[in-house]
Amino acid sequence: MKPLVKNKRNGRRVWLGLLLWVALAAGLLVQAFAPHLKIQNNKFVIPPSLLSGGKEVRPDEMIARERRMQALSGILTLGSGLGLAFYYRHVLFPKSASKGE
Amino acid sequence: MEHYKRARRFGSLVPAAMVAILTLSVMVHATQVITTPNAAFVSYSLASGANSAPITPVANQSVLVMGTQTAINVDGREPGESHVTLLRIAGRFLEWTGLESCCPGAITANFSNTPGAHIVYLDMFHTVDIRVNTADTFIIHNGSSGTRTGNVTLIW
C-alpha cells in the first residue's frame, strides 16, 4: 500500500512542477504579445505610424489592454517564479532544506 | 565526485537565475505600466491639407487635450500651444472648453457632431487645428501650405 501512496504523491508533485513551468511560459508569452507601448515622461506614447494611418485610434482602450496584459503577465510570472523557487527548494538550498527535515 | 556535485549544483542554479531575472524584468515592466497615469502622447507630422487618423477620447469623462506645434518657421512664428477640456457623449457629440493658441489666445467652447467643426488651433497662424470628425472622434487637420509637426497629449 505504501508504494502506491508514494507514487500518487510523486505524480502530484510532477504535475505541480509542470503546471508551474506552464504558468511561467504563459506569463512570458503574454508579455511577448503585449502591445508594448513606450512610456516617456510618465505618458504612454502612441506610435506615430498609427496616427498617420486612416484607422481610428483609441488611446484609452490601447492603454487599458496594455495594463490588463501586463497585470496578467506579472501575476503569472511572479506566482510561478515563487512557486518554482518553493518547488525546487531542496535543490536550491540543500543545507537549509535538510536542516528543516 | 566533488566535481560532479559542483557541476550539478551549477546546473540547477543557472536555470534558477534565469527564471529570477525573467520574473524581475517582467515585474519591473508591469509595475511601470500599471503605475503610469492615464495619459497618451500623440505626435503628428502632416502634409499640407492632410488629416490625422481619427482619435476617440474616453466617453463620459473629462479629457484634457493639450497640443503644441513644434516646427519653427523662418520668422520663428510657427509654434503654438493650446488646450481644451473635452467631453464625449458616446454617439451624440463632443463638447469642449479651452483656450486657443497664441496670438490672441481666445476662449473656445462649443459642442458639435458636425464633421469639420473647429475645436482648437495648435499653431500661431491658426492654420493647424483639432476638429470634429464624427460624434465620437476628432482629427488634427493641417490647413497650412507646408508640412507641420507637433504633438497632442490626452489626459483623463
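The values are calculated or read from the model by the stated rules, or taken from the named source; none is laboratory data. Since this is a predicted model, take the numbers as computed values, not measurements. Note: ideal-geometry Cβ built from the backbone for every residue, glycine included; neighbour counts use all protein chains shown.
Odds and ends about this structure:
- Members of region B:126-145 found to be touching a residue at least 24 places away in the same chain (Cβ under 8 Å) and more than 19 Å from A:Lys55 (Cα to Cα), listed by number: B:His126, B:Val128, B:Gly143, B:Ser144, B:Ser145
- Selection status of B:Gly11, crowded, with 18+ Cβ neighbours inside 10 Å and either closer than 16 Å to B:Gly150 by Cβ or within 14 Å of chain A (Cβ to nearest Cβ) (or both): no
- Qualifying residue in region B:120-131 (condition: under 24 Å from A:Glu56 (Cα atoms) and in contact with a helix residue (DSSP H, G or I) (Cβ under 7 Å, 6 or more places away or on another chain)): no
- If you go through region B:92-110 and keep only what is without any contact (Cβ under 8 Å) to a residue 24 or more places away in the chain and in a strand (DSSP E or B), you end up with B:Glu95, B:Thr97, B:Leu99, B:Ile107, B:Ala109, B:Asn110.
- A:Arg68, sole failed condition from (1) over 22 Å from the mean Cα position of the chain (by Cα); (2) surrounded by fewer than 17 Cβ atoms within 10 Å (Cβ to Cβ): (1)
- Residue-level check: of (1) over 19 Å from B:Gly49 (Cα atoms); (2) crowded, with 21+ Cβ neighbours inside 10 Å, B:Val120 misses just (1).
- Failed item in (1) over 18 Å from the mean Cα position of the chain (by Cα); (2) modelled with pLDDT of 95 or more, with B:Arg131 passing the rest: (1)
- Scanning region A:58-101 for residues that are of a type in the set (Val, Ile, Thr) and either within 22 Å of A:Ala26 (Cβ to Cβ) or at pLDDT 95 or above (or both) yields A:Ile63, A:Ile75, A:Thr77.
- The single residue among B:Ile72, B:Ile55, B:Ile89, B:Ile34 that is in contact (Cβ under 8 Å) with a residue 12 or more places away in the chain, surrounded by fewer than 21 Cβ atoms within 10 Å (Cβ to Cβ) and of a type outside the set (Ser, Thr, Tyr) turns out to be B:Ile89.
- Test: B:Leu99 is surrounded by 13 or more Cβ atoms within 10 Å (Cβ to Cβ), away from chain A (no Cβ under 12 Å) and within 20 Å of A:Ile63 (Cβ to Cβ): no
- Residues of region B:42-61 that are in contact with a helix residue (DSSP H, G or I) (Cβ under 9 Å, 6 or more places away or on another chain) and either among the hydroxyl-bearing types (Ser, Thr, Tyr) or facing another protein chain (nearest Cβ under 7 Å) (or both): B:Val42, B:Ser43, B:Tyr44, B:Ser45, B:Ser52, B:Ala53, B:Ile55, B:Thr56, B:Val58.
- Only residues that are assigned to a helix (DSSP H, G or I) and either hydroxyl-bearing (Ser, Thr, Tyr) or more than 8 Å from chain B (Cβ to nearest Cβ) (or both) were counted in region A:31-60, giving 4.
- Of B:Glu81, B:Glu95, all but one fail to be among the acidic types (Asp, Glu) and more than 19 Å from B:Thr127 (Cα to Cα); the exception is B:Glu95.
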